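Single-structure report; data block below.
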Amino acid sequence: MNFVVIMKQLFDGMSASVMIFALTLLFSMPLGLVVAFGRMSKWAPLGFLAKEDGKNGFLRLTIATFRPIQFIVKIIIAILRGTPLMLQLLVVFYGPFYLFGVQLPRSYRLIAVLLGFSINYAAYFAEIYRAGIESIPVGQYEAAFVLGYNKSQTFRKIILPQMVKRILPPVTNEVITLVKDTSLAFVLAYAEMFTVAKQIAAAKTSIMPLFVAGVFYFIFNFVVAFVMERIEKALSYYR
Amino acid sequence: MKVLEINHCNKKFGDNEVLKDISLSVSEGQVVSIIGPSGSGKSTLLRCATLLETMDGGDLVYMGEYAAKADAEGKAVYGDKEALKGIKQHFGLVFQNFNLFPHYSVIRNITEPPILIGKRPKEAVYAEARELLKKMGLADKENAYPHQLSGGQQQRVSIARALAMKPKILFFDEPTSALDPELTGEILKVIKDLAAEHMTMVIVTHEMAFARDVSNHVIFMDGGVIVEEGDPMEIINRPQQERTKAFLSRFRQ
Ligand SMILES: Nc1ncnc2c1ncn2[C@@H]1O[C@H](COP(=O)(O)OP(=O)(O)OP(=O)(O)O)[C@@H](O)[C@H]1O
Ligand SMILES: [Mg+2]
């Protein structure tokens, strides 16, 4: 293994990390919005059981206000945020075989990585979006309502743009964490930066590859922070 | 022509009866002021009229079209989505705290609703919006953002935003209560100018002199009922009911 080969392997590892990062964001950010809507769902199919005079017993009230979608999404988010991402990756990768005996092709490794990351990050983004949406003053909804905006117009034109500005700081945190989390793909032996660097370091008994990996993550995050700061600046024209 | 008619409106929040059998009608060009102590239900009445709250009982009628109609037991039955959408075009509401859209410039705040909701041609809407801004003394502010304006300027923009939809009737809920006393005057002047142009308006206000000077009809509410109503001079200078007298005495030095 000469220097050129090592550099090429490290470079491929970097590309793989950047790809995991980009595709995870691409999938998890919209998915997070869907999850956020589920989390905020007020659908209560048994609401008709509530008495009109408001004199409901505890049990009746509990059943009448039961919101199945919100309940299920809440549990899913709790699991996704409450267990290690590394464990979730293993479940997504080995689950189909151990649970259902399904043999998946080699290419499933990448799909499993992306699935695991996207679902996990969607749960975090969902809670950030929800906090953002709920922080918009009710007067914004009321003004839009009286002007004749329907629900979808109100969300797209009035709420969403203001939400994006408000959630940028926590989203930046998540994105920076994701850069480093991509290294967790090593548990599925997917050849991203960290996996590659570790292999070379072991083969060459040298710390250099790991050092290169460290520098890579640092520079990657430097770029990410720079881009997010630019976006924040671009949105600072209003308060 | 009656622009707005509310018949036997009832509204409860839980066990709290906030509006009790309120009836009110507003003809074209009329300016009605609603006065009364805090918690008397003035805002709730305006919110029912603007569909922000649903009445429990009674009729709500704009230009002869029923937004809600009482059934045999008096329960308010609302029209379907399409009907309400049409009826919403008849009224506008100016909020106490403006509720401008902070991410839009002044001109976009005013022009987006008529273009997006009213489906009116862009050029005409922009021309009208600039006309409105000029009238409000804000011709040079069209590209400013709400946070760059004073409270009084923001409230004038919000009045322009409501007017741009060409409502038949405009509601104001304490339009000057969030403003410093110096800024109150500029808003009251704008409303007076609108009254002079025979804009139909319903104004909830704590400015008694203003209510007396600008309106054709004053309603005094207390405890969810209309205690006394009539000619502004009569009500404000010579109230008949004890509760009205007690309330108004607090405004006289
Ligand atoms: N969303 C709500 N839920 C429960 N109670 C409410 C709600 N809105 C208003 N109320 C109650 O209704 C009553 C009337 O309130 P409302 O805001 O209409 O009074 P108001 O005359 O506008 O008072 P103010 O002059 O202080 O604005 C009050 O007792 C208030 O607590
Ligand atoms: Mg009020």
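So, in segment B:85-95, of the ones that are touching a Phe, Trp or Tyr at 6+ places or on another chain (Cβ under 6 Å) and within 16 Å of ligand 1 (Cβ to nearest atom), which residue ends up nearest to the other protein chains (Cβ to nearest Cβ)?
Restricting to residues being touching a Phe, Trp or Tyr at 6+ places or on another chain (Cβ under 6 Å) and within 16 Å of ligand 1 (Cβ to nearest atom), the top hit is B:LEU93.
Output the number of the condition that B:LYS81 fails; it satisfies all remaining conditions of (1) at pLDDT 95 or above; (2) basic (Lys, Arg); (3) more than 9 Å from ligand 1 (Cβ to nearest atom).
Result: B:LYS81 passes all but (1).
List every residue pair whose Cβ atoms lie under 8 Å apart, where the two residues are 6 or more positions apart in sequence or sit on different chains, the first residue falls within segment A:70-98 and is closer than 30 Å to A:PRO45 by Cβ, and the second residue, located anywhere, is open to solvent by 90 Å² or more (accessible area, probe 1.4 Å).
Between residues of segment A:70-98 that are closer than 30 Å to A:PRO45 by Cβ and residues that are open to solvent by 90 Å² or more (accessible area, probe 1.4 Å), the close pairs are A:GLN70/A:LYS42; A:GLN70/A:TRP43.
Mind checking which residues of segment B:57-84 are crowded, with 18+ Cβ neighbours inside 10 Å, at negative phi and more than 14 Å from every other protein chain (Cβ to nearest Cβ)?
Residues satisfying the conditions are B:ASP59, B:LEU60, B:VAL61, B:ALA68, B:ALA70.
Working only within segment B:24-48, note down all residues that are within 13 Å of ligand 2 (Cβ to nearest atom) and under 12 Å from the mean Cα position of the chain (by Cα).
B:ILE34, B:LYS42, B:SER43, B:THR44, B:LEU45, B:LEU46, B:ARG47, B:CYS48
Checking the structure you have, find out if any residue of segment B:37-56 is open to solvent by 10 Å² or more (accessible area, probe 1.4 Å), within 28 Å of A:ARG239 (Cα to Cα), outside any loop (DSSP other than H, G, I, E, B) and within 14 Å of chain A (Cβ to nearest Cβ).
yes
Within segment B:29-78, restricting attention to residues that are within 14 Å of B:ILE169 (Cα to Cα) and of a type in the set (Val, Ile, Thr), which residue is farthest from ligand 1 (Cβ to nearest atom)?
B:VAL61
Identify all residues within segment A:162-219 that are outside any helix (DSSP H, G or I) and small (Gly, Ala, Ser); write none if there are none.
Scanning segment A:162-219 gives A:ALA189, A:ALA191, A:SER206.
Could you list all residues from segment B:111-132 that are hydroxyl-bearing (Ser, Thr, Tyr) and open to solvent by 40 Å² or more (accessible area, probe 1.4 Å)?
Residue satisfying the conditions is B:TYR126 alone.
I need the full set of residues from segment B:1-28 which are more than 13 Å from ligand 1 (Cβ to nearest atom), surrounded by 15 or more Cβ atoms within 10 Å (Cβ to Cβ) and of a type in the set (A, V, I, L, M, F, W, C), in order please.
B:VAL3, B:LEU4, B:ILE6, B:LEU24, B:VAL26
In segment B:133-150, how many residues are out of contact with any Pro (no Cβ under 8 Å at 6 or more places or on another chain), open to solvent by less than 50 Å² (accessible area, probe 1.4 Å) and part of a helix (DSSP H, G or I)?
1
In the set B:ASP59, B:ASP15, B:ASP21, which member is more than 12 Å from ligand 2 (Cβ to nearest atom), modelled with pLDDT under 95 and more than 21 Å from B:LEU194 (Cα to Cα)?
Matching residue, one of B:ASP59, B:ASP15, B:ASP21: B:ASP15.
Hand me the list of strands (runs of 3 or more DSSP E) wholly inside segment B:151-253 holding 1 or more residues that are open to solvent by 60 Å² or more (accessible area, probe 1.4 Å) and within 16 Å of ligand 1 (Cβ to nearest atom).
Qualifying strands (runs of 3 or more DSSP E): B:225-230.
Return the pair list, or none, for Cβ contacts closer than 8 Å from residues in segment A:117-144 that are more than 14 Å from every other protein chain (Cβ to nearest Cβ) and at pLDDT 95 or above to residues that are outside any helix (DSSP H, G or I) and crowded, with 16+ Cβ neighbours inside 10 Å, at least 6 apart or on different chains.
Between residues of segment A:117-144 that are more than 14 Å from every other protein chain (Cβ to nearest Cβ) and at pLDDT 95 or above and residues that are outside any helix (DSSP H, G or I) and crowded, with 16+ Cβ neighbours inside 10 Å, the close pairs are A:ARG130/A:MET40; A:ILE133/A:MET40; A:GLU134/A:MET40.
What are the residues in segment B:96-108 that are surrounded by fewer than 21 Cβ atoms within 10 Å (Cβ to Cβ), within 16 Å of ligand 2 (Cβ to nearest atom) and facing chain A (nearest Cβ under 8 Å), if any?
Hit for segment B:96-108 is B:ASN97, nothing else.
Inside segment A:1-19, can you point out the residues that are in a helix (DSSP H, G or I) and touching a residue at least 12 places away in the same chain (Cβ under 8 Å)?
A:ILE6, A:GLN9, A:LEU10, A:ASP12, A:GLY13, A:MET14, A:ALA16, A:SER17, A:VAL18
Quick check on segment A:20-58: of everything there that is free of Cβ contacts under 8 Å to residues at least 24 places away in the same chain, assigned to a helix (DSSP H, G or I) and in contact with a Ser or Thr (Cβ under 9 Å, 6 or more places away or on another chain), which residue is farthest from the other protein chains (Cβ to nearest Cβ)?
Within segment A:20-58, the match that is farthest from the other protein chains (Cβ to nearest Cβ) is A:LEU26.
Of the residues that make up segment A:196-204, is at least one open to solvent by 60 Å² or more (accessible area, probe 1.4 Å), without any contact (Cβ under 8 Å) to a residue 40 or more places away in the chain, of a type in the set (Gly, Ala, Ser) and closer than 30 Å to B:GLN154 by Cα?
Within segment A:196-204 (the criterion being open to solvent by 60 Å² or more (accessible area, probe 1.4 Å), without any contact (Cβ under 8 Å) to a residue 40 or more places away in the chain, of a type in the set (Gly, Ala, Ser) and closer than 30 Å to B:GLN154 by Cα), the answer is no, since none of the residues qualifies.
List pairs: first residue in segment B:123-151 and within 14 Å of chain A (Cβ to nearest Cβ), second residue open to solvent by 40 Å² or more (accessible area, probe 1.4 Å) and aromatic (Phe, Trp, Tyr) anywhere in the structure, Cβ distance under 7 angstrom, at least six positions apart or on different chains.
Here the result reads B:TYR145/A:TYR237, each pair linking segment B:123-151 to a residue that is open to solvent by 40 Å² or more (accessible area, probe 1.4 Å) and aromatic (Phe, Trp, Tyr).
Does segment B:157-178 hold any residues that are away from every other protein chain (no Cβ under 12 Å), at negative phi and within 16 Å of ligand 2 (Cβ to nearest atom), and which are they?
B:PHE172, B:PRO175, B:THR176, B:SER177
The values are calculated or read from the model by the stated rules, or taken from the named source; none is laboratory data. Everything numeric in this text was worked out from a predicted model, so none of it was measured. Cβ sites come from the backbone with ideal geometry, for glycine too, and all protein chains shown count toward neighbours. When the accessible area is computed, the model is the full protein with side chains, heavy atoms only, and any ligands, DNA or RNA have been set aside. Shrake-Rupley method; radii C 1.70, N 1.55, O 1.52, S 1.80 Å.
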